[in-house]
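Single-structure report; data block below.
Computed from the coordinates by the stated procedures, all read-outs in this text should not be read as laboratory data. As the structure is a prediction and not an experimental result, all values here were calculated from the model. Glycine also receives a Cβ, built like all others from the backbone with ideal geometry; neighbour counts cover every protein chain displayed.
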């Protein structure tokens with residue numbers, strides 16, 4: 001199980017020139033659709049950490065990883081399924097599709 005979504009990443013932009021970096025100011029970039037996979041989960045009934053990878057699906061290259069925490073439901077079973085359900089409630093994953 002995984003989800004796919006293009007993400008808009010905002011931060012400080014830099015340009016590299018002759019072993020130096022120059023700040024270009026605030027920048028935003030929209031990624032191609034990324035393959036977003038919950039790699040592992042750990043925790044307790046109070047709090048679960050989901051370790052999530054983001055992969056460029058076209059190039060099959062892992063770009064980065066991120067952690068997300070949520071309070072699990074002990075009645076809902078599988079923590080992986082709960083992690084995906086939690087991700088889809090977050091604004092950055094609005095519109096993500098199952099794949």
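Treating the Cα atoms of the chain as identical point scatterers in vacuum, please give the log10 of the normalised Debye intensity I(q)/I(0) at q = 0.14, 0.20 Å⁻¹, two decimals. Cα-only, vacuum Debye calculation for the chain: -0.62, -1.00.
Comparing 77, 25, 11 in a Gaussian network model of the chain, where Cα atoms under 10 Å apart are tied by springs, the biggest mean-square fluctuation is seen for 25.
When the Debye formula is applied to the Cα atoms of the range 48-99, each taken as the same point scatterer, what base-10 log of I(q)/I(0) results at q = 0.18, 0.19, 0.31 Å⁻¹? Calculated log10 I(q)/I(0) at the listed q: -0.66, -0.73, -1.28. Only helices enter this figure: runs of n ≥ 4 DSSP H residues, each worth -39500 (n - 2.57), summed and divided by the residues of the chain, yield -2500 deg cm²/dmol at 222 nm to the nearest 500. Taken over the Cα atoms of the range 1-57, the convex hull encloses 148 Å³ per residue. For the pair residue 1 and residue 92, what calculated FRET efficiency results from E = 1/(1 + (r/R0)^6), where r is the Cβ-Cβ distance and R0 = 25 Å, to the nearest 0.05? Efficiency for this residue pair is about 0.85.
Pairs of Cα atoms nearer than 8 Å and 6+ residues apart set the relative contact order; for the range 3-93 it is 22 percent.
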